[in-house]
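What follows is a single structure, written as C-alpha cells, with notes after it.
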Amino acid sequence: AAMLRALGSLLWLWALPVPVPPLGPGAAARGLDVASYRERVRAMFYHAYEHYLESAFPYDELRPLTCDGQDTWGSFSLTLIDALDTLLILGNVSEFQRVVSVLQEGVDFDIDVNASVFETNIRVVGGLLSAHLLSKKAGVEVEVGWPCSGPLLRMAEEAARKLLPAFQTPTGMPYGTVNLLHGVNPGETPVTCTAGIGTFIVEFATLSHLTGDPVFEDVARKALKALWKNRSDIGLVGNHIDVLTAKWVAQDAGIGAGVDSYFEYLVKGAILLQDKELMSMFLEYNKAIKNYTKFDDWYLWVQMYKGTVSMPVFQSLEAYWPGLQSLIGDVDNAMRTFLNYYTVWKQFGGLPEFYNIPQGYTVDKREGYPLRPELIESAMYLYRATRDPTLLELGRDAVESIEKISKVDCGFATIKDLRDHRLDNRMESFFLAETVKYLYLLFDPDNFIHNDGSVFDVVNTPYGECVLNAGGYVFNTEAHPIDPAALHCCRKRKEEQWEVEDLMREFYSLKKNKKFTLKRASDHGEGESAKGPEVASSEKGGEKRNSKKSSHSLLSCPSQSFNSKLAVLGQVFLDNT
C-alpha cells in the first residue's frame, strides 16, 4: 500500500496543482449522455477505419469522396500506423495484434522517397514507439528483453535513422525534407519552420533510452538549443529559419502554425525526462508570449524583434494552447482562452484555419476545417483538471458537427469551406490518430490512459525490474502515448555503474564467499542494497523475484498525458496580409 501511495505521488509530480474533482451533476443536468457519445465516437472511428482498409490500404490516406487512396507523406501505410494505438484505446486487442503483424511484413523504409522529417517523426516514429510500448498490454507476444527490444522498436529506430542525415548542418537544426534512400538532396532548401526543428525530443529521447544509442536524443537537444540560442532580444522566435546560417526568414512570432509544437515539446520533454532546463526555457518563452502576443485572452502574431502586431489572426492550430496551459497549472487562463476559441467553433461548426479576430470572420482562402483535433484535445485536458461540463459540450458539438457536415459513404471528408460546408477529397491520418482519440478519451473517464498510478505492471528486463503502465502517458504531437516509465527500463549506460558499485562493496571487506548484487530497478541507481545488501544465489541471480517480496523502485514518472497539435507545417508570413 505504501508503494502504491508513493508511486501515485510520483506520477503526479508534474501534474496540475488543481485536484481533479468528482464528476458532478452538471453534465447530467444539461442532458449530456456521456456513454452514448462515447459509443458514437467509437462508431465514427470504425466508419473511417474500415473504409480506409477497404478502399485505400496500403496507401497513406483515404480519399473519402472517390473511395480510393493516395500517398501523401512517404508511402508508409500512414493511416494504419497512426490509428494503431487508437485501436487499443478503444479496446480492440485483436485488430491491434493483426495490424502489428501487417506492419512488420509490409512497411519498408528503404525507399527512394522524399519525406518530411517532421511528419515522419511524429506520425511514423511516434506511432511505432507507442505501439511497441503498448504491445504487451494488447496481448502481443513480446520477445525476451522487451521493452528494450522488439520488432516495432527496430522499425522505429530504422525510420529515425533515415532522418538523421537531415541534422547534419552547421547549426544542428535539421532540413525539412530528406530522401529516405539517399539522404538530403543537393539543392534542398535550408529554410525550415521552427516546429520542424524543435519537435523531436519526445520520440528521439525515447529511442535513445530504449536502444541505448544516445545519438537520437543528442541531435534533438542540439536542435532545441539552437532555436533557444537564436531567439530575439525580447525572447521570441520566428516562423521559419535558415538552418545553415541561422538567419530568420519569416519573423512572425506566435503560438500557431510553424511554431506551435516547439513550445509543446519543451514542456513535454521536461515532463518526460524530468528536465528542469527544458521547462525553464518554456517558462521564459511563456513570459514573452504573454507580454507581446496576448490580448484579451487571444494570441496574435507579432514581429519577433519589435513585438508589434503583424497579424490579428487566430489559427485553428493554436487551439492546443489551453491544454498546454493546463499542464503547467495555469487553468484559469486556459479556460478563458478556450472559451474564446469555443465561440468560433459555435459560429461555424468547426475551427477555420484562420480567423480574423477584429472582424470576427474567416480569412480568405483559409476557411477550411480538415477535422483537426486541437480544440478537442484542450477540452480533454481541461476536463481532467476541472470537470467543467462546458468541456463535454464542446465534445458533443464536435461529434454532431463532424457527423452532420463531414460524414460521407466512404469515411469523413475534410471540410473545404465552413461557410457553405463544401468538402474536399481527403481524410488526413490525424483524424484517427488524434481527433477521434481525444474525443473518445474525453467521454471515457475510466480509460487506461487516465490511470492515476493505482494499477501498474512490473516487468523484468535485462537491466532489472521496472514499472510500466502506471499512467502518466505523454502524448506526442500526433497523440501517440509514450509511457514515461519505459525510459527507465533500458539504461544500458548504468551497467558500468553497477560493476563499480559491486567492486566497491568487495573493496570494503564484504564477505568473499557470497555474491552481492544491487537491484537494477531504480532510476537513480539506488537498489535495495541502500538499506542492506541483498544476497542472490549464483545460479538464480537473474530470475524473477516474487513481486510480493520485492521492493520495486519507484520511478520518477511524469504526470498525465500531454497534448498533440501540429499536423501540417506552417505558413510563411512575409507581410502583414
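See the values below:
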read-out: Residue tally, condition of a type in the set (Gly, Ala, Ser) and open to solvent by 10 Å² or more (accessible area, probe 1.4 Å), over region 258-276; value: 0
read-out: Residue in region 191-204 that is open to solvent by 30 Å² or more (accessible area, probe 1.4 Å) and either over 20 Å from Gln274 (Cβ atoms) or touching a residue at least 60 places away in the same chain (Cβ under 8 Å) (or both) present; value: yes
read-out: From the options Ala43, Ala115, residue that is of a type outside the set (D, E, K, R), in a strand (DSSP E or B) and either open to solvent by 10 Å² or more (accessible area, probe 1.4 Å) or at pLDDT 85 or above (or both); value: Ala115
read-out: Checking Pro170 against (1) buried (at least 19 other Cβ atoms within 10 Å of the Cβ); (2) in contact with a Leu (Cβ under 9 Å, 6 or more places away or on another chain), the condition it does not meet; value: (1)
read-out: Residue match in region 283-303 (condition: touching a Leu at 6+ places or on another chain (Cβ under 6 Å), of a type in the set (Gly, Ala, Ser) and farther than 20 Å from Val237 by Cα); value: no
read-out: Neighbours by Cβ (under 8 Å, 6+ apart or cross-chain): first from region 95-117, among the β-branched types (Val, Ile, Thr); second open to solvent by 70 Å² or more (accessible area, probe 1.4 Å) and part of a loop (DSSP other than H, G, I, E, B); value: Ile111/Leu181; Val113/Leu181
read-out: Counted residues, region 214-247 - those being over 17 Å from Met281 (Cβ atoms) and out of contact with any helix residue (DSSP H, G or I) (no Cβ under 8 Å at 6 or more places or on another chain); value: 6
read-out: Count - residues of region 132-147 that are modelled with pLDDT of 95 or more and open to solvent by less than 20 Å² (accessible area, probe 1.4 Å); value: 7
read-out: Unmet criterion (only one of (1) surrounded by fewer than 16 Cβ atoms within 10 Å (Cβ to Cβ); (2) among the hydroxyl-bearing types (Ser, Thr, Tyr); (3) closer than 18 Å to Asp252 by Cβ) for Ser310; value: (1)
read-out: Members of region 320-336 found to be in contact with a helix residue (DSSP H, G or I) (Cβ under 8 Å, 6 or more places away or on another chain) and closer than 22 Å to Asn476 by Cβ, listed by number; value: Tyr320, Trp321, Pro322, Gly323, Leu324, Gln325, Ser326, Leu327, Ile328, Ala334
read-out: So Pro151, is it open to solvent by 10 Å² or more (accessible area, probe 1.4 Å) and closer than 18 Å to Ile81 by Cα; value: yes
read-out: Scope region 273-293; condition small (Gly, Ala, Ser) and closer than 15 Å to Met304 by Cα; matching residues; value: Ala288
read-out: Identity of the residue in region 233-256, small (Gly, Ala, Ser) and open to solvent by less than 10 Å² (accessible area, probe 1.4 Å), that ends up nearest to Cys489 (Cα to Cα); value: Gly256
read-out: Only one of Leu80, Leu84, Leu129 that is open to solvent by less than 10 Å² (accessible area, probe 1.4 Å), within 17 Å of Thr211 (Cα to Cα) and not hydroxyl-bearing (Ser, Thr, Tyr); value: Leu129
read-out: In region 62-106, residue modelled with the lowest pLDDT [restricted to those that are under 22 Å from Tyr438 (Cβ atoms) and outside any helix (DSSP H, G or I)]; value: Trp73
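The values are calculated or read from the model by the stated rules, or taken from the named source; none is laboratory data. The structure displayed is predicted, hence computed values, not measured ones. Positions of Cβ are generated from backbone atoms using ideal geometry, with glycine treated the same way; all protein chains shown enter the neighbour counts. Note: areas computed on protein heavy atoms with side chains; ligands, DNA, RNA excluded. Shrake-Rupley method; radii C 1.70, N 1.55, O 1.52, S 1.80 Å.
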